[in-house]
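**Student:** Below are the structure tokens for one structure; questions will follow.
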Amino acid sequence: MPARDNLDPMGSLWDVIALEVRAWRIAKHMSEVQVAALLKCDRSTVSRIENGLRKLNDAYANSLDEAWKTSGLFAALVFHASTFAEQDWRTGLRQYEREASRMRMWDVSLVPGLLQHPEYARAVIAKAYEAGLIKSIDQALEDRLERQRAVFERDDPPQISAVINWPILRHTYGGSAVMRAQIELLMEHAGRPNVSLRFVESDAMGHVGLDGSFKLLTVKNREYAFCEAPHEGRILYVPADVHKISVRWEQVSDHASPVRRTGAVLQEAMEIYR
């Protein structure tokens, strides 16, 4: 199946750009080789752009706009696609979570948001509020709980594989009672047929996952990646970028204990808060 068949213009503005480049090329009766000459690149680069395997950059966008007299169409599309990736990632992430058939996630500092107990989530969000990162604790909490409902209350919930950094369970949010409730909820999630929960335990060697948390989502047979940062996140669409996160996932997974250890790890953590 051509990569172009997996393009989703309703889900990604970069996919819109890929389809538009091809549509304009055909309308101008140009071959990929001719467009490559116009852009001063090789034919494979044009093919990768049209198939969503490479992003159209500013220089190429400007060249197409000038040659095809588009009134700045491609420059504008690239600008807005880049802006979406940097500023509106929350909307995109929620949409992909609602539609994903599979999720793989690694969290280095907190219980994953989709697996958080409401009171644990409130305690975490309160820290963000104190730092001036959000305006309303109640609204942020409701947004998080709505994300959870959208994933777990679906008729066809996704397959979820979560790897968690074990020290997270020693970081107390909201007090002992809240931590016990959070651990109990993780036990409940671990018992779901569609959820695999594993831990990178304290005796694990250093690994690439310590750089930060990330998530891989499969939506309509296409992979997306989400990377967290202190003040914002970023969704990755380009297959080459997503592949790098997929490789990182495999490297982190190599350090995780098997699923059969999960119950014991959670029970050990529960004893901390007795």
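The values are calculated or read from the model by the stated rules, or taken from the named source; none is laboratory data. Just so you know, these numbers come straight off a predicted model, no measurement behind them. As a convention, Cβ positions derive from the backbone with ideal geometry for all residues, glycine included, and neighbour counts pool all protein chains shown.
**Student:** Return the pair list, or none, for Cβ contacts closer than 6 Å from residues in the stretch 115-132 that are within 17 Å of Thr172 (Cβ to Cβ) to residues that are among the hydroxyl-bearing types (Ser, Thr, Tyr), at least 6 apart or on different chains.
**Tutor:** So the pair list comes out as Tyr120/Tyr173; Ala123/Tyr173; Val124/Tyr173.
**Student:** Which condition does Trp106 not pass, out of (1) at pLDDT 90 or above; (2) over 18 Å from Gly233 (Cα atoms), if it passes all the others?
**Tutor:** Exception for Trp106: condition (2).
**Student:** If you check Arg170 against the conditions, is it touching a helix residue (DSSP H, G or I) at 6+ places or on another chain (Cβ under 7 Å), free of Cβ contacts under 8 Å to residues at least 40 places away in the same chain and basic (Lys, Arg)? Outline the logic, then answer.
**Tutor:** On the way: touching a helix residue (DSSP H, G or I) at 6+ places or on another chain (Cβ under 7 Å): yes; free of Cβ contacts under 8 Å to residues at least 40 places away in the same chain: no; basic (Lys, Arg): yes.
Taking the combined requirement at face value, the residue does not satisfy it.
**Student:** Please count how many residues of the stretch 253-267 are within 16 Å of Val111 (Cβ to Cβ) and either among the acidic types (Asp, Glu) or in a helix (DSSP H, G or I) (or both).
**Tutor:** First pass over the stretch 253-267, keeping only residues within 16 Å of Val111 (Cβ to Cβ): 256, 262, 265-266.
Next, only the ones that are either among the acidic types (Asp, Glu) or in a helix (DSSP H, G or I) (or both) stay: 262, 265-266.
The total comes to 3.
**Student:** Going through His255, His171 one at a time, which residue ends up being farther than 20 Å from Ala121 by Cβ, over 17 Å from the mean Cα position of the chain (by Cα) and outside the structural domain of Glu50 (by TED's automatic domain parsing)?
**Tutor:** Working: His171 fails: farther than 20 Å from Ala121 by Cβ.
One residue alone meets the criteria, His255.
Residues are listed down the side, and each one gets a yes or a no for (1) under 14 Å from Ala23 (Cα atoms); (2) in a helix (DSSP H, G or I); (3) in the same structural domain as Leu13 (by TED's automatic domain parsing):
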| position | (1), (2), (3) |
| --- | --- |
| Arg48 | no, yes, yes |
| Arg54 | no, no, yes |
| Ser63 | no, yes, yes |
| Thr70 | yes, no, yes |
| Ser82 | no, yes, yes |
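**Student:** What are the residues in the stretch 52-73 that are within 21 Å of Asn6 (Cα to Cα) and crowded, with 18+ Cβ neighbours inside 10 Å, if any?
**Tutor:** Across the stretch 52-73, the qualifying residues are Gly52, Arg54, Lys55, Leu56.
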